[in-house]
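This report concerns only the one structure given below.
The values are calculated or read from the model by the stated rules, or taken from the named source; none is laboratory data. Since the model is a prediction, treat every value here as computed from it, not as a measurement. Cβ atoms come from the backbone with ideal geometry, glycine included; neighbour counts cover every protein chain shown.
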Amino acid sequence: MLKVFKYLKSSIFSVLAVILLLFVQAYLDLTLPDYTSKIVNVGVQQGGIENAAIETIGEDTLNKLALFMDSKDKKYILNHYEKSDTYKNETIYKLKEDSDTEKVASIMAEPMLIVSYASQEQTSSTEDETISFDLPEGVDLFQTLGMMSEDQREEILKNIDKTLKEIPDSIVDQAAVSYVKSEYQRIGIDTDHIQTTYILKVGLIMLGIALAAMLVGILIVFIGSRMAARLAKTLRHKVFTKVVGFSKNEIKTYGQSSLITRTTNDVQQVQMVVVFLLRVVFYAPIIGIGGVMKAMRTNADMTYIIGVAVVAILAVVITLFAIAMPKFNRIQKLIDKLNLVTREILSGLPVIRAFSNEKHEEERFEEANKRLTKVNLFINRAMSFMMPIMMLIMNFVCLIIVYQGAKGVDSGIMQVGDIMAYIQYTMQIIMAFLMISMMSIMLPRANVSAKRIMEVIETPDTIYNSDHLVDFKPEERGKVEFKNVSFRYPDADYDVITDINLVANPGETTAFIGSTGSGKSTLINLIPRFYDVTDGELLVDGVNIKDVDLHELREKIGFVPQKGVLFTGTIKDNIKYGNENITDEDVDKALEVAQATEFVSKLKGGVDYDISQGGTNVSGGQKQRLSIARAIAKDPDIYVFDDSFSALDFKTDAKLRGELAKITKNKTVLIVAQRISTIMNADKIVVLNEGNIVGIGTHKELMKNCNVYKEIALSQLSKEELENA
C-alpha cells in the first residue's frame with residue numbers, strides 16, 4: 001500500500017491542506033463539549049452567572065465582602081469598582097470594563113462564601129457548621145469585624161482560611177455564584193434575563209462552531225476526494241500504459257480478465273480507501289489525543305475509563321482482523337475468476353448456443369458467483385459483530401462515567417455539565433478508535449488491490465528499447481532478414497522455430513505456408529517484436545530490431561492479424577487508425593484496393609458508418625477487408641498479412657491481391673496463408689514444417705522439389721488446376 005502513496009507526490013499541498021483542516025475540525029469538535037458543559041453548569045445550574053466576578057454590587061455588600069479580604073486584595077477590588085447608580089437609597093457599584101474578571105472572581109469567591117454562611121448563621125438556626133462564628137445573640141458579626149483592628153481581623157481570616165482549605169473549590173465557586181445571584185435579586189436586577197441571555201449566547205456560539213465544523217468537514221472531503229480521484233487516474237494511466245507495452249507473454253501471464261480487474265476494481269478500492277485514510281487515519285489520532293487531554297483537564301481521576309474502553313475496542317478489532325484477513329486475500333482472485341468466466345461466456349455465446357450448452361455455462365458462472373458470494377458473506381457476517389460490540393462498549397463506558405461522575409457530584413468535586421462533557425470527550429475518543437477499526441475492514445482489501453496494481457506496474461518489460469539505439473539504414477529500406485533465428489516460448493521445453501535463415505527484399509512478395517502448428521504466425525510475430533527471438537538476429541533495414549526504437553520499428557510495418565480487429569467508431573476512423581494525417585481520398589483508395597468499396601457504399605453513411613464494439617455489426621470477411629484497408633492506408637515499408645485472406649472468397653481474394661500488387665511494387669510483402677491459391681504467385685514461398693524451413697522457391701520450383709508443399713497443394717487443388725495456375 002505504501003508504494004501507491006508515492007504517486008501522491010503531486011498532491012502534497014492537498015495532503016498538507018487536509019491535515020491542517022483536520023486539526024481545525026478536531027479543535028472545533030473538541031470545543032463543543034465545553035460549551036455543552038457551560039450551558040448545563042452555568043446556564044441552567046448557575047442561572048447564567050459564570051463566576052464570582054460580580055458586575056453590579058451594592059455598597060453594603062461590597063463593604064461586607066471587604067471585611068474578609070486582606071489589605072492588598074481589598075485595595076485591588078475597591079480600585080476596580082466605580083460608582084454607577086443608586087437603588088433604594090443604596091449606592092450601586094459596577095465593575096470596570098478593563099478589569100481582570102478571573103482575578104476578581106478568585107478574590108471575591110471566598111469572602112462571598114464566608115458572608116453567605118455568616119448571614120445564614122445570624123438569620124436562621126442552620127445545622128451546616130462548615131464555617132461557624134459562635135457569636136453571642138444580638139451581636140452583629142459585620143459591625144464587630146468593622147470595629148476590629150487590621151491585625152485582629154487578619155488573625156480571624158487566617159483561621160477561616162484553614163477551614164476553607166478543606167472545602168472543594170467547586171463548592172466555594174458554586175456558593176459564590178449563588179451569592180452573586182442573590183445580590184443581583186436584592187438590588188433589582190432581572191436574573192431570569194441574565195440566564196436566558198447567557199443560554200442564547202452560548203447556544204449561538206455552539207451553532208456557529210457546529211456550522212464551521214460542518215463546512216471544514218465538507219472542504220476536507222472535497223479536497224480528499226479530488227486527490228483520491230487524481231491518484232486513481234494516475235494509477236489507471238500507469239497500469240494501462242504498462243499493459244499496452246506488454247508483450248503477448250505478459251498478457252498471457254496475467255490474463256485479460258485480471259488486467260481489466262486491476263485497472264478498474266482494484267484502483268477503485270485504493271481510491272476509496274485513500275479518501276477514508278486521509279479523513280480517518282489522520283483525524284483519529286488528533287481527536288483521540290485532544291480528547292484525552294480535554295478529558296484529563298475535566299477530571300483526571302476517570303482517565304482509566306478511557307484506557308479500558310480503548311483496550312476493549314482494540315481487542316475486538318484485532319480478533320476480527322485475524323479472522324477476516326485471510327478472506328480478503330481471496331476476494332480479488334475470485335473477482336478475477338468471475339470476470340474470466342463472464343468474459344469467456346459472453347465472447348463464446350455463439351458456440352455455446354450452437355452446442356446447446358447454456359445450462360453448463362450457467363452452472364459454471366453460478367459456481368464462480370457462489371464462491372465470491374460465500375467469501376463476502378463470511379467477511380460481512382464477521383464484521384457485523386463489530387458495531388453491536390462497539391455500541392455495547394460505548395454504553396458500558398457511559399454507565400461507568402455516570403456512576404463515577406455521580407459520586408463526584410455528590411462529593412462536590414464535579415458538576416453535572418462536567419459529566420456530560422466527559423461523556424462527550426470519551427465518545428469522541430472511542431469514535432476515533434472505532435473509525436480506525438472501520439478502516440481495518442477496508443484496508444486489507446485495499447492493500448491486496450494495491451499489491452496487484454503495483455505488481456503490474458513493476459513487472460519488468462521483456463520487450464523494451466535498448467540503451468543504445470541506432471538508426472535504420474536508408475539504403476536497405478524495407479529489407480527483412482532472418483539470421484539463424486530460433487524462438488522458444490517462455491517456460492516451453494523446446495524451440496517452436498529453429499535456425500531460420502531468410503531474406504525478404506523490397507519489391508518482393510514472400511509467402512509462408514505449412515501445416516497447422518508449423519510456426520508461420522510465430523515467425524512473422526517476431527518482426528514487430530511481439531516476441532523477441534531466443535537465438536540469432538532479425539534485421540530490418542539492415543539493423544537488428546533489438547537496437548532500434550520500438551515505435552519507429554512498428555511505424556515501418558503494416559500488420560494485419562489473422563482475426564480482423566475493429567474499434568468503436570466510424571469506418572473512416574478505423575482506416576485512419578494507422579495514420580491520422582491521410583486524406584479522404586487516401587481512405588477511399590485504401591478501401592478500393594481492399595475490395596471494400598462496394599459493401600461500404602451500401603452502408604448508411606458510407607465511411608461514416610459507426611462500427612459497434614468489436615465490429616459485431618459487420619461480417620468476418622468485411623472485417624478482414626477493413627483491417628487490410630487500414631494497413632494499406634498507413635503506407636508502410638513492410639506489409640505483414642497473417643492469414644488475412646482466409647475469410648475472403650476466391651474471386652475477392654484474387655482481385656485484392658491484384659490491386660495490392662500495384663501499390664506494393666517497392667514494398668516488402670510477407671503473407672502467411674493456408675490456401676495455395678493465395679500464395680502461388682508470390683515471388684518467394686517459404687515452406688515450414690515443425691519450425692524448420694523445408695523449402696524455399698516459387699510455386700513451380702516447390703512443386704518439383706518440396707514434398708511437403710506438393711502434399712499441401714494437392715490436398716487443395718487438382719493436378720489440372722495446379723498445372724493451369
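For every residue, the table says whether it meets (1) of a type in the set (A, V, I, L, M); (2) more than 26 Å from Asn525 (Cβ to Cβ); (3) in contact with a helix residue (DSSP H, G or I) (Cβ under 6 Å, 6 or more places away or on another chain).
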{"residue": "Thr570", "(1), (2), (3)": "no, yes, yes"}
{"residue": "Asn579", "(1), (2), (3)": "no, no, yes"}
{"residue": "Gly615", "(1), (2), (3)": "no, no, yes"}
{"residue": "Gly620", "(1), (2), (3)": "no, no, no"}
{"residue": "Tyr639", "(1), (2), (3)": "no, no, no"}
| query | Taking only pairs six or more apart or across chains, which ones have beta-carbon atoms under 7 Å, a first residue in the range 353-369 that is touching a residue at least 24 places away in the same chain (Cβ under 8 Å), and a second residue that is of a type in the set (D, E, K, R)? | reply | Ala368/Lys337
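Of Lys623, Lys634, Lys604, which residue is touching a Leu at 6+ places or on another chain (Cβ under 9 Å) and of a type in the set (D, E, K, R)? Spell out how you get there, then give the answer.
Details: Lys634 fails: touching a Leu at 6+ places or on another chain (Cβ under 9 Å); Lys604 fails: touching a Leu at 6+ places or on another chain (Cβ under 9 Å).
Exactly one of Lys623, Lys634, Lys604 is touching a Leu at 6+ places or on another chain (Cβ under 9 Å) and of a type in the set (D, E, K, R), namely Lys623.
The rows are residues; the columns are (1) touching a Leu at 6+ places or on another chain (Cβ under 6 Å); (2) closer than 30 Å to Ala212 by Cβ; (3) not assigned by TED's automatic domain parsing to the domain that holds Gln268; (4) not acidic (Asp, Glu).
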residue: Ala17; (1), (2), (3), (4): no, yes, yes, yes
residue: Tyr27; (1), (2), (3), (4): no, yes, yes, yes
residue: Gly43; (1), (2), (3), (4): no, yes, yes, yes
residue: Glu59; (1), (2), (3), (4): no, no, yes, no
residue: Lys96; (1), (2), (3), (4): no, no, yes, yes
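Taking the range 263-288 on its own, how many of its residues are more than 14 Å from the chain's Cα centre (by Cα) and part of a helix (DSSP H, G or I)?
Total satisfying the criteria: 6.
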| request: Name the single residue, out of those in the range 54-83 being surrounded by fewer than 19 Cβ atoms within 10 Å (Cβ to Cβ), polar (S, T, N, Q) and in contact with a Lys or Arg (Cβ under 9 Å, 6 or more places away or on another chain), that is farthest from Asp173 (Cα to Cα). | output: Asn79
| Quick one: in the range 1-56, which of the residues that are in contact (Cβ under 8 Å) with a residue 60 or more places away in the chain and touching a Ser or Thr at 6+ places or on another chain (Cβ under 6 Å) is farthest from Ala446 (Cα to Cα)? | Gly47
| task | Sort out which residues of the range 532-545 are buried (at least 19 other Cβ atoms within 10 Å of the Cβ) and either closer than 19 Å to Arg630 by Cα or within 43 Å of the chain's Cα centre (by Cα) (or both), and write them in order of number. | result | Val533, Ile545
| message | It is to be established whether one or more residues within the range 468-488 are buried (at least 19 other Cβ atoms within 10 Å of the Cβ) and at positive phi. | response | yes
| message | Residues that are surrounded by 13 or more Cβ atoms within 10 Å (Cβ to Cβ), in contact with a helix residue (DSSP H, G or I) (Cβ under 9 Å, 6 or more places away or on another chain) and among the aromatic types (Phe, Trp, Tyr), at least 3 per element: which helices (runs of 4 or more DSSP H) completely within the range 343-458 meet that? | response | 416-457
| field | Residue match in the range 239-255 (condition: buried (at least 18 other Cβ atoms within 10 Å of the Cβ), modelled with pLDDT of 90 or more and not aromatic (Phe, Trp, Tyr)) | value | yes
| Filtering the range 343-357 down to residues that are of a type outside the set (A, V, I, L, M) and over 39 Å from the mean Cα position of the chain (by Cα), which residue is nearest to Leu259 (Cα to Cα)? | Pro350
| Got a sec? Which of Ile287, Ile260 is under 30 Å from Gln415 (Cβ atoms) and assigned by TED's automatic domain parsing to the domain that holds Met394? | Ile287
| field | Within the range 556-606, considering residues that are surrounded by fewer than 20 Cβ atoms within 10 Å (Cβ to Cβ) and of a type in the set (Val, Ile, Thr), the one modelled with the lowest pLDDT | value | Val565
| request: Identify, by number, the condition in (1) hydroxyl-bearing (Ser, Thr, Tyr); (2) modelled with pLDDT of 75 or more; (3) under 20 Å from Ala52 (Cβ atoms) that Thr163 doesn't meet. | output: (2)
| message | Between Leu334, Leu340, Leu320, which is without any contact (Cβ under 8 Å) to a residue 60 or more places away in the chain, of a type outside the set (Asp, Glu), surrounded by 14 or more Cβ atoms within 10 Å (Cβ to Cβ) and touching a helix residue (DSSP H, G or I) at 6+ places or on another chain (Cβ under 9 Å)? | response | Leu334
| note | Selection over the range 632-673 where residues are within 17 Å of Ala511 (Cβ to Cβ) and buried (at least 17 other Cβ atoms within 10 Å of the Cβ) yields a count of 22
| Checklist (1) crowded, with 17+ Cβ neighbours inside 10 Å; (2) touching a residue at least 60 places away in the same chain (Cβ under 8 Å) applied to Thr263, failing item | (2)
| From the list Ile199, Ile205, which residue is out of contact with any strand residue (DSSP E or B) (no Cβ under 6 Å at 6 or more places or on another chain), more than 30 Å from Tyr87 (Cβ to Cβ) and assigned to a helix (DSSP H, G or I)? | Ile205
| query | Looking at the range 58-78, is at least one residue among the charged types (D, E, K, R), farther than 18 Å from Val177 by Cβ, under 55 Å from the mean Cα position of the chain (by Cα) and in a helix (DSSP H, G or I)? | reply | no
| task | Consider Thr668 carefully, then state whether it is touching a residue at least 12 places away in the same chain (Cβ under 8 Å) and out of contact with any strand residue (DSSP E or B) (no Cβ under 6 Å at 6 or more places or on another chain). | result | no
| query | Under the condition of being under 12 Å from Gly291 (Cα atoms) and of a type in the set (D, E, K, R), which residue from the range 26-44 is surrounded by the fewest Cβ atoms within 10 Å (Cβ to Cβ)? | reply | Asp34
| said: modelled with pLDDT of 90 or more and of a type outside the set (D, E, K, R): which single residue out of Tyr117, Tyr76, Tyr87 fits that description? | reply: Tyr76
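Please tell me if Glu183 is among the acidic types (Asp, Glu), in the same structural domain as Ser449 (by TED's automatic domain parsing), at pLDDT below 90 and surrounded by 15 or more Cβ atoms within 10 Å (Cβ to Cβ).
Values: among the acidic types (Asp, Glu): yes; in the same structural domain as Ser449 (by TED's automatic domain parsing): no; at pLDDT below 90: yes; surrounded by 15 or more Cβ atoms within 10 Å (Cβ to Cβ): yes.
In short, no.
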| said: If I go through the range 567-618 residue by residue, how many of them are of a type in the set (Gly, Ala, Ser) and either in contact (Cβ under 8 Å) with a residue 60 or more places away in the chain or within 20 Å of Glu659 (Cβ to Cβ) (or both)? | reply: 6
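Is at least one residue of the range 375-389 more than 21 Å from Ala446 (Cβ to Cβ), among the β-branched types (Val, Ile, Thr) and in contact (Cβ under 8 Å) with a residue 40 or more places away in the chain?
Within the range 375-389, the subset more than 21 Å from Ala446 (Cβ to Cβ) is 385, 388-389.
Those still in the list that are among the β-branched types (Val, Ile, Thr) too: 389.
Checking which are in contact (Cβ under 8 Å) with a residue 40 or more places away in the chain leaves us with 389.
Yes, there is a match, as at least one residue in the range 375-389 is more than 21 Å from Ala446 (Cβ to Cβ), among the β-branched types (Val, Ile, Thr) and in contact (Cβ under 8 Å) with a residue 40 or more places away in the chain.
Inspect the range 313-335 for any residue being in the same structural domain as Leu443 (by TED's automatic domain parsing) and farther than 21 Å from Met442 by Cα and give the result as yes or no.
At the first step, the residues of the range 313-335 found to be in the same structural domain as Leu443 (by TED's automatic domain parsing) are 313-335.
Filter once more, so that each one left must be farther than 21 Å from Met442 by Cα: none.
Looking through the range 313-335, none of the residues is in the same structural domain as Leu443 (by TED's automatic domain parsing) and farther than 21 Å from Met442 by Cα.
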| said: Considering only the range 287-301, I want to know if a residue exists there that is at pLDDT 80 or above and over 28 Å from Thr31 (Cα atoms). | reply: no
